[in-house]
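Engineer: What follows is a structure written as structure tokens; I'll ask about it next.
Coordinate-derived values only; no laboratory data. Owing to the predicted nature of the structure, the values given are computational and were not obtained by experimental measurement. Virtual Cβ from ideal backbone geometry, glycine too; neighbours counted across all protein chains shown.
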Amino acid sequence: ANKRKLKEKDRHARNSTGIRSAREAVVFEAPKMIGLTGKETEKEIPLESPRNCYVCKEIFHNLHHFYDTMCKGCGDFNYAKRFQSADLTNQVALVTGSRLKIGYHITLMMLRAGATVIATTRFPVDSA
């Protein structure tokens, strides 16, 4: 019973991370950068049982504020990459699978960066 409570506590902690809470929304909205929302002062959430990082396989004991499967180093690196941009003026990009999830968000990021984007999908009825 105690082991089950510890697992449930870890599951609840993982569900509170940014990536998981964003997935729970009815309409997925790309989370804003923490530095812009004022949440950067949140303290780390400890885990009851350590986990292995999805990227580097190192053991970690505290959850990253956004990623539930990464250590702090890998989480910070990948989190910074989510908001990286470059000037794509006069560039043309072809994005396949742009109807939802990452393809949709990549298309928006490229358009905001100034690229001309050709977006394709297998579902023409749903595309504009």
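Engineer: Among 77-83, 66-72, how do they line up by average Cβ neighbours within 10 Å per residue, starting with the highest? Intermediate values should be presented prior to the final figure.
Structural biologist: Values: 77-83: 13.3, 66-72: 21.0.
Highest to lowest by the protection proxy: 66-72, 77-83.
Engineer: Something else: Using the C-alpha atoms of the stretch 87-128, what convex hull volume per residue, in cubic angstrom, is computed?
Structural biologist: For the stretch 87-128, the hull spanned by Cα atoms encloses 55 Å³ per residue.
Engineer: List the residues whose amide H sits under 5 Å from the amide H of Val55, counting only those 5 or more places along or on another chain, with H placed 1.01 Å from N in the peptide plane.
Structural biologist: Correct list: Cys71.
Engineer: Given points 7 Å out from each Cα along the Cα-Cβ axis, report the Thr116 to Ala13 separation in nanometres with one decimal.
Structural biologist: My value for the distance between the label points is 5.1 nm.
Engineer: Quick check: residue separation of Arg99 and Phe123 times 0.36 nm, minus the Cα distance between them. What number comes out in nm? Walk me through the intermediate numbers first.
Structural biologist: Working: separation 24, 0.36 × 24 = 8.64 nm, distance 0.78 nm.
So the chain would gain 7.9 nm between Arg99 and Phe123.
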